[in-house]
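One structure below.
The values are calculated or read from the model by the stated rules, or taken from the named source; none is laboratory data. Predicted model only: the values in this text are computed from it and were never measured. Cβ coordinates were reconstructed from backbone atoms using ideal geometry, including for glycine residues, and neighbour counts include every protein chain displayed.
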Amino acid sequence: MHVDAEAVRKSVRTYMMIGAALLVFTGITVAANLLHLPVPAAITLALIIASIKASMVAAVFMHLNHEKQWIYGSLILTVVFFIVLMSVPFFTITDTFGTHVTGPAAGHEAAAGEHAGH
Amino acid sequence: MNIPYTVETRPDTGLNNGKLGIWLFLASEVMLFGALFSTYIILRTSAPVWPHGELSIPLGAVNTVILISSSVTMVMAWASLKLNDWAKHRLYLIGTFLLSAFFLVNKYFEYSEHLTHGEGPWHSTFLAIYFTLTGLHGLHIIGGMVVMAYFIGPGAALWKRNPEQFVNRIEFTGLYWHFVDLVWIFLFPVLYLL
């Protein structure tokens, strides 16, 4: 435990610095919101800052910067499934099966049909 | 009969069972919150209009600061045990518990503000996903508080019987708590700012 204790003593300073950095990034997130950026830019910026903060928590507080292979393995698998899960909205948005064609050609055909009916 | 590999590492994984167990649990939690975030994206992209400014940014920001601070106190509670400083460990763990209670008090004020105006989850799609995400997150906070209360109270006796196992248990509690903080790091901008 002595070797461990020495390493932990050094880590304490890192924990404090990361805690302070997380608070600073929170301040930046709120400040960026006051700039009233266009929505796509605001979403991108907010998610980039959130990802940086999450990486710091995971790497330092959760000790992922020096973990065993089994944990990395299970997390890589999680990331793969997470990406699939996050792709579902994309597939939903781009899915056109079963939807009416509302292009100009379709509109023209519909109008022609109505005209013929009269 | 003792449960094997609670302290010593397994030769095949190089980990004790608790450590691998908590990470597998967290992996399942990623998928749980991932499904809800995915739902949020679908609801938001398909909505003709999405409300802005419905939530109090100062309250959300204060709660973010509270949770980040609680993550620091949690990791310090574990580090203090590694340094064999029981008194500091107690201080930090109780501090984490109190910070999580402050978070819930803030959330209570936020929820009551909406509910007294008749703005429950039934009011709009935005509030439905807001209450679902923050409600589930709040339940995780309560779960963490129950575990911390156990280690502040009756569970503390393990420190005298088997200190290494106790340190491991605090580490696993910490891993869970940091995950709860990590989820909030995404919830705050997604719900309050965007």
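A compact table of results
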quantity	calculated
Odd one out for residue B:12 among (1) under 22 Å from residue A:67 (Cα atoms); (2) part of a helix (DSSP H, G or I)	(2)
Qualifying position, being more than 7 Å from chain B (Cβ to nearest Cβ), surrounded by fewer than 17 Cβ atoms within 10 Å (Cβ to Cβ) and closer than 19 Å to residue B:63 by Cα, among A:51, A:87, A:55	A:51
Qualifying positions in the stretch B:92-118 - surrounded by fewer than 18 Cβ atoms within 10 Å (Cβ to Cβ), aliphatic (A, V, I, L, M) and within 19 Å of the chain's Cα centre (by Cα)	B:94, B:98, B:101, B:104, B:105
Odd one out for residue A:38, checked against (1) within 8 Å of chain B (Cβ to nearest Cβ); (2) of a type outside the set (Gly, Ala, Ser); (3) under 21 Å from residue B:188 (Cα atoms)	(1)
Condition met for residue A:40 (under 19 Å from residue B:30 (Cα atoms) and modelled with pLDDT under 85)	no
For residue A:68: the one exception among (1) more than 9 Å from chain B (Cβ to nearest Cβ); (2) touching a helix residue (DSSP H, G or I) at 6+ places or on another chain (Cβ under 9 Å); (3) under 30 Å from residue B:85 (Cβ atoms)	(1)
Candidates B:96, B:132 - the one that is more than 14 Å from chain A (Cβ to nearest Cβ), touching a residue at least 60 places away in the same chain (Cβ under 8 Å), part of a helix (DSSP H, G or I) and within 19 Å of residue B:181 (Cα to Cα)	B:132
Pair list, Cβ < 7 Å and 6+ apart or interchain, from the stretch A:58-75 residues that are part of a helix (DSSP H, G or I) to residues that are surrounded by fewer than 14 Cβ atoms within 10 Å (Cβ to Cβ) and polar (S, T, N, Q)	A:59/A:65; A:60/A:14
All positions within the stretch B:63-89 that are facing chain A (nearest Cβ under 7 Å) and among the basic types (Lys, Arg)	B:82
Residue satisfying condition, being outside any loop (DSSP other than H, G, I, E, B) and within 12 Å of the chain's Cα centre (by Cα), within set B:89, B:140	B:140
Residues located in the stretch B:48-61, provided they are at the interface with chain A (Cβ under 10 Å from one of its Cβ atoms) and aliphatic (A, V, I, L, M)	B:57, B:61
Matching residues in the stretch A:51-78 - criterion: being among the hydroxyl-bearing types (Ser, Thr, Tyr) and within 20 Å of residue B:28 (Cβ to Cβ)	A:72, A:74, A:78
Filtered residues of the stretch B:168-182 (kept if facing chain A (nearest Cβ under 9 Å) and among the aliphatic types (A, V, I, L, M))	B:175, B:182
Test result for residue B:28, modelled with pLDDT under 95 and either assigned to a helix (DSSP H, G or I) or surrounded by 17 or more Cβ atoms within 10 Å (Cβ to Cβ) (or both)	no
